[in-house]
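The values are calculated or read from the model by the stated rules, or taken from the named source; none is laboratory data. For clarity, every value in this text was computed on a predicted model and none was experimentally measured. We place every Cβ from the backbone using ideal geometry, glycine too, and count neighbours over all the protein chains shown. The protein model used for the area step is the full one, side chains on, heavy atoms only, and it has no ligands, DNA or RNA in it. Shrake-Rupley method; radii C 1.70, N 1.55, O 1.52, S 1.80 Å.
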Amino acid sequence: MEGSGALRLTKQEHLTQGYITAGDRAYLIGAQDGGFPDLGWHVPGEMGGLWAHPVKLLDGFWLAVDGVWLTGATRFASGPFWSEHEYRLGDLSAVRRQFVPDGEPALIVRYVLRGAAGRTVRLQFLARSDLQGVWLADQLGLTDGADRAAFDPARQAWVIRDERNPWTVVVGARGLAPRAHACGEDLWGPERTEGRGISVALDYDLALAADGEAAIDFVVAGSHEGAEAACAAFDRAVRDPEAHWAAKRGRYGRLLRMSRLQVPDAAVQRAWDWIKCNYDWLVRDVPGLGRFLGAGAPDYMWLFGCDSAYAVLGCLALGQHELAVETLDALRRVSWQANGESGRVIHEATPLGHVYHRGNVQETPQYVNAVWQTFLWTGDMDFLRRSYPFCRQGLLGWVMGERCAPGEALPRGSGMMEVEGLDLQMIDAAAYTAQALEALAGMAEAVGDAETAGRSRRLREAVCRRLDEAFWIEEEGMYGDLLATPGEIAPRLRALVVRSVRSQYVDHARPDVRAAYAHLLARAEADPNPDARRPWLLKNWIVITPLEAGLAPAERASRVLARVESSEFTGPWGMYLNGIERAAAMSINTGVLAVAELNYGRPDEALARVRVLAETLERHMPGAVPEILPDGGCFLQAWSGYAIAWPVVSQVFGLQPRAHERTLLLRPRFPAGWPRASLRDVRVGTNRFDLEWDGAVLTVTSREPGWAVEAEGVPLHMTAGRQACE
């Protein structure tokens with residue numbers, strides 16, 4: 001498993017933090033020091049270890065060398081598809097490297113030992129099973145049973161089964177028969193973990209030449225469908241690890257060659273290829289559910305509506321078009337099953353297909369927007385045709401029908417903010433609905449539905465007009481979070497006063513926050529018109545969504561951005577989730593702020609936000625951009641890719657494709673600090689484009705002939721690529 005390429009980051013401090021090593025069928029989560037602590041909260045303490053959705057296989061594994069466990073790695077390294085831990089053990093050094101083969105519910109782990117003196121070392125490999133279903137499996141009748149192990153002499157491996165379910169995991173080494181083997185519930189290595197698992201041990205002798213090295217490969221594979229499937233996966237993985245490594249390395253080479261960026265900004269440049277890898281680490285291919293992009297590690301490795309709608313835009317920008325289509329297809333299928341023919345998009349579904357939340361109001365228009373952008377970038381008419389009826393029904397029938405009161409243009413219900421009580425007419429739901437109505441009109445025109453196109457544009461005008469007049473607070477120079485009567489808002493503010501005693505992000509009392517909410521409550525209680533509906537500014541980040549959607553008039557946008565960029569709303573690590581609490585900044589709203597800045601001609605301010613995200617690359621897991629900046633929440637988060645890739649490709653370089661029409665409009669907004677910049681091998685439909693900015697002229701190379709390319713605001717020079725010339 002050599003030749004892993006130049007993309008590598010190492011770390012020697014804070015190695016108790018988490019990491020992920022992933023393939024599409026399985027992934028491993030542990031600590032960078034090589035340990036496997038109980039972590040995560042969805043299934044408390046069980047979100048780490050080895051998973052092959054919809055089941056967990058192992059809590060972890062450990063190696064003893066001459067009776068001493070390898071613990072406390074001194075160095076951790078991330079590669080594009082692998083990870084490794086370095087250890088010192090007396091006169092020996094050891095490296096543990098692992099990767100997950102493409103298409104297999106399996107993990108391959110190689111230990112390499114080096115020493116000055118030649119000798120035979122005694123090894124014991126111990127693995128702790130914890131076969132159990134994903135979060136909420138018990139609600140589907142899948143109750144976790146105790147694990148039972150049997151040694152398979154044909155494979156010289158352990159086969160472990162859950163006593164109540166067909167869930168199975170197989171553990172063994174490649175090409176070596178153990179000199180001894182043992183199992184037991186009370187057989188422990190250097191760590192104890194929770195769960196109903198069993199430990200299995202395999203003992204080997206390994207010859208180590210003087211000043212040389214020796215290697216041993218272990219394979220773990222599993223299945224939720226039974227021992228036969230698990231053993232077959234083990235056999236495929238153990239047969240030729242080098243071939244699996246080479247195949248994955250080749251695929252990553254192709255993935256990294258797409259959307260190659262060169263810019264004079266070290267942080268953004270460094271993060272660019274890692275974002276491509278971050279997306280690939282989150283790909284899940286779950287039997288019975290499909291292939292899709294998970295939301296985040298360790299606790300959100302499954303399907304979400306809101307998260308996916310943002311994240312797939314980053315996939316488009318980085319050339320991962322198939323993943324965008326697969327994710328949106330999976331969301332549509334699960335949503336149909338959960339919500340019938342309403343067209344409502346679910347919020348969250350586990351890898352068993354169990355829908356935990358049927359969907360917030362803004363998620364359906366977000367989905368419509370994502371489908372439209374995916375069509376514009378791919379030109380995939382089959383995808384549009386199978387998506388269009390669902391989008392039309394969801395937006396017109398559910399959002400603008402069931403969720404709107406008679407005569408009202410703005411939907412009612414919970415939006416992005418997962419705060420109890422924020423379930424009235426929300427600014428984000430209104431902004432995304434206006435955006436989605438324009439998207440639906442475009443879809444309708446593409447499929448020849450003129451009636452729906454006209455209706456959608458008329459509704460969009462009504463939503464935009466109502467949003468602008470209803471949510472704007474002139475004395476604040478801001479849009480409000482929600483519309484409510486004083487009678488509706490008062491109990492919600494009382495709940496916020498109670499909640500503000502402690503923030504979920506800050507472990508101490510916040511009297512300033514309590515005072516701010518109490519002041520708003522006093523205003524509501526003293527309002528002489530308790531039934532008059534008006535906007536309320538709670539300073540949640542969603543107040544910038546009209547700017548993200550490009551709906552705000554320029555003068556209003558300027559006022560909003562000036563205030564949002566102040567310390568009231570934005571700190572050293574991005575935009576706060578809430579300008580009253582000022583306790584946490586997330587990658588998603590900081591990325592949305594970058595998009596908003598670019599919409600209104602402020603590329604330097606946008607670049608500052610993108611750079612902040614890029615600078616988190618080594619704060620937790622090397623190579624991953626986290627959910628909460630700079631190093632909190634999920635250490636790997638899909639929508640962080642949107643926050644970096646989408647504004648750079650779609651707005652800084654300005655790509656606005658219509659692949660089905662073979663046209664590309666460019667509206668670039670280059671920062672002043674980028675006198676030169678290039679973006680090569682950008683996928684649009686079946687074509688590839690290279691773009692190069694020299695500070696004065698934008699040169700565009702098209703691989704295919706017959707494409708219409710226009711640029712606004714900059715001189716354009718067109719050239720033909722090799723494929724076009726041929």
Measuring with a 1.4 Å probe in the full set of protein chains, what accessible area per residue, in whole Å², belongs to the chain?
-> 35 Å²
Tell me, how many Å apart are the Cα centres for region 68-108 and for region 525-558?
-> 51 Å
Run the quick spin-label model on residue 257 and residue 522: label points 7 Å from Cα toward the beta carbon, then report their separation in nm to one decimal.
-> 6.7 nm
Can you give the charge dipole size of the chain about its Cα centre, rounded to the nearest 20 debye, using +1 on the beta carbon of Lys and Arg and -1 on the beta carbon of Asp and Glu?
-> 820 debye
Among residues other than residue 135 whose Cβ falls under 13 Å from its Cβ, what is the net charge (Lys/Arg +1, Asp/Glu -1)?
-> -4
Give me the log10 of I(q) over I(0) for region 611-713 at q = 0.09, 0.15, 0.22, 0.25 Å⁻¹, as the Debye formula computes it from C-alpha points; what are the numbers?
-> -0.30, -0.71, -1.06, -1.21
Decide, for region 506-599, between rounded, prolate and oblate: order the square roots of the alpha carbon gyration tensor eigenvalues as a ≥ b ≥ c, take rounded if a/c falls under 1.5, and otherwise choose prolate if a/b is larger than b/c, else oblate.
-> oblate
Take the alpha-carbon centre of region 310-385, take the same for region 199-221, and report the distance between them in whole Å.
-> 45 Å
Can you give the FRET efficiency for residue 9 and residue 533, using 1/(1 + (r/R0)^6), R0 = 56 Å, r = Cβ-Cβ distance, to the nearest 0.05?
-> 0.60
Theoretical FRET efficiency, 1/(1+(r/R0)^6), r = Cβ-Cβ of residue 182 and residue 242, R0 25 Å, to 0.05 = 0.25
Provide the gained length on full extension for the span residue 357 to residue 148, in nm with one decimal, where the gain is 0.36 nm per separating residue minus the Cα-Cα distance.
-> 71.8 nm
Semi-axis lengths, Å, region 358-513, gyration tensor of Cα atoms, sqrt of 5 times eigenvalues = 34, 18, 13
Multiply the residue gap between residue 117 and residue 66 by 0.36 nm, knock off their C-alpha separation, and tell me the result in nm, one decimal place.
-> 16.9 nm
If the cut-off is a Cα-Cα distance under 17 Å, which aspartates and glutamates reach residue 276, setting aside same-chain residues fewer than 8 apart in sequence?
-> 24, 102, 307, 322, 326, 615, 618, 627, 681
Could you check how much of the accessible area of the chain is carbon and sulfur, as a whole percent, using a 1.4 Å probe?
-> 48 percent
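How much FRET efficiency would the formula 1/(1 + (r/R0)^6) give for residue 41 and residue 191, where r is the Cβ-Cβ distance and R0 is 22 Å, rounded to 0.05?
Rounded to the nearest 0.05, the efficiency is 0.70.
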Relative contact order of the chain, pairs being alpha-carbon contacts under 8 Å that are 6 or more residues apart, as % = 11 percent
Candidates for Kirkwood radius over Cα pairs in Å are (1) 30.9; (2) 28.5; (3) 27.1, and the calculated one carries label (3)
So what does residue 400 come to for accessible area, using a 1.4 Å probe and Å² rounded to 10?
-> 30 Å²
